[in-house]
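The structure under discussion appears below in the form of structure tokens.
The values are calculated or read from the model by the stated rules, or taken from the named source; none is laboratory data. Being a predicted model, the structure only gives us computed values, none of them experimental. Please note: Cβ atoms are built from the backbone with ideal geometry, for glycine as well, and neighbour counts cover all protein chains shown.
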Amino acid sequence: MIGAGAITAFLASLLLCRVISRRAGARWLDQPGDRSLHSVPVPRLGGLALWCGFAIGGLLCSAVLVEVLDLYWLAAGALLWLVSLADDRGAIAVRWRLLVQLAAAMLVLQGTGLLPGEPASAWFWLPVSVFLVLWSINLYNFMDGMDGLAACMAIVGFAALGILGWQQGNHGFAVLCLLLVMSAAGFLCVNFPPARIFMGDSGSTGLGFAMATVSLKGFSDVLYPWWVPVLVFSPFWLDASLTLLRRLCRGEKVWLPHRQHLYQRWVMAGCSHRQVLAAYLLVMLACAASVLVWQAGAGRYNEKGFLYCWLGFYLVVLVGSEWRLKGRIGKSGGM
């Protein structure tokens, strides 16, 4: 039944994406602008297809998922998804979106025991966990600006966490990750550059919410150390966080659209969407593979040394990228 549910999630997501990409009305089209990387209107209802695929597949796997999901998860996810879908149709004020995101974060964290540590430490972990959920939601939304990128991160990231859960006998957690992977894979088939559909806020905020809550759930179930999901999703964490800090230091309005993410700047410098996606995908796969190798040999490898290696790698990549981009964007006429 698990296999049938996973295949169903993939096919439902794929077929719905194909239908929506052909029949979406004008109000659901993402019009190109000065800060966009696309040049023609593209439907932004892919999130509807992705999460419908997840829900249909989840129904077939409900006997296993009941170990992980409950009414709190479903209510929080549904609340966030509905508001995000409404935002895809017409802009909703930032303060209202943040309020709904906060409510969803509090609901799932308080209701399903995702807070790590003993009850006495909950007052410390609650604001930390809420902040992580809120930042993850918006981080994923920020990074959903290039064909295929957000879907690839979901596939690689949740696949890695799901494998870790399966290896340790937490089958409900593993199946949850599998359904997320297959739903995102169905969407990617239509979102691969050049994209025929975008996931919109309804897709990206939902995946960001899943990234945070699934990561916290695995940590609270002692499936991996806290840094494992951070490293697995580090291509998104680093790009979005460093870009936000850079814009804050410049005094910019961080909630407004821009083209200052590293992946956007490489496209502006003359690289194709596929080239940039391939580079990010290689880093994603390397992060996931290294975590799986480390976990398999936990106790034999030095944890700090392992993390320092990745820190050194990212420092070289970021410094090298800034050096290369400094001249290339000017030559290509980028902003």
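Just one of the listed residues (ALA289, ALA296) is modelled with pLDDT under 90 and surrounded by fewer than 15 Cβ atoms within 10 Å (Cβ to Cβ), and it is ALA296.
Scan segment 186-200 and give yes if some residue there is assigned to a helix (DSSP H, G or I), within 21 Å of ALA105 (Cα to Cα) and in contact (Cβ under 8 Å) with a residue 24 or more places away in the chain, otherwise no. Among the residues of segment 186-200, at least one is assigned to a helix (DSSP H, G or I), within 21 Å of ALA105 (Cα to Cα) and in contact (Cβ under 8 Å) with a residue 24 or more places away in the chain, which makes the answer yes.
Applying the set (1) over 26 Å from ALA104 (Cβ atoms); (2) among the aliphatic types (A, V, I, L, M); (3) in a loop (DSSP other than H, G, I, E, B) to VAL222 leaves exactly one unmet item: (1). Filtering segment 279-294 to residues that are within 11 Å of GLY157 (Cβ to Cβ) and of a type in the set (Gly, Ala, Ser) leaves only ALA288.
Okay, residues lined up against (1) at negative phi; (2) surrounded by 24 or more Cβ atoms within 10 Å (Cβ to Cβ):
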position	(1), (2)
ILE137	yes, yes
ALA154	yes, yes
LEU161	yes, yes
GLY169	no, no
PHE173	yes, yes
LEU178	yes, yes
ALA185	yes, no
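Of all residues in segment 75-99, how many are within 14 Å of VAL133 (Cα to Cα) and crowded, with 18+ Cβ neighbours inside 10 Å?
Initial filter on segment 75-99 (within 14 Å of VAL133 (Cα to Cα)): 76-77, 80, 97-99.
Subset that is crowded, with 18+ Cβ neighbours inside 10 Å: 76-77, 80, 97.
Final tally of qualifying residues: 4.
Look at GLY203 and say whether it is modelled with pLDDT under 95 and crowded, with 24+ Cβ neighbours inside 10 Å. Spelling it out, GLY203 is indeed modelled with pLDDT under 95 and crowded, with 24+ Cβ neighbours inside 10 Å. Assess whether THR112 counts as being at pLDDT below 90 and surrounded by 15 or more Cβ atoms within 10 Å (Cβ to Cβ). Taking the combined requirement at face value, the residue satisfies it.
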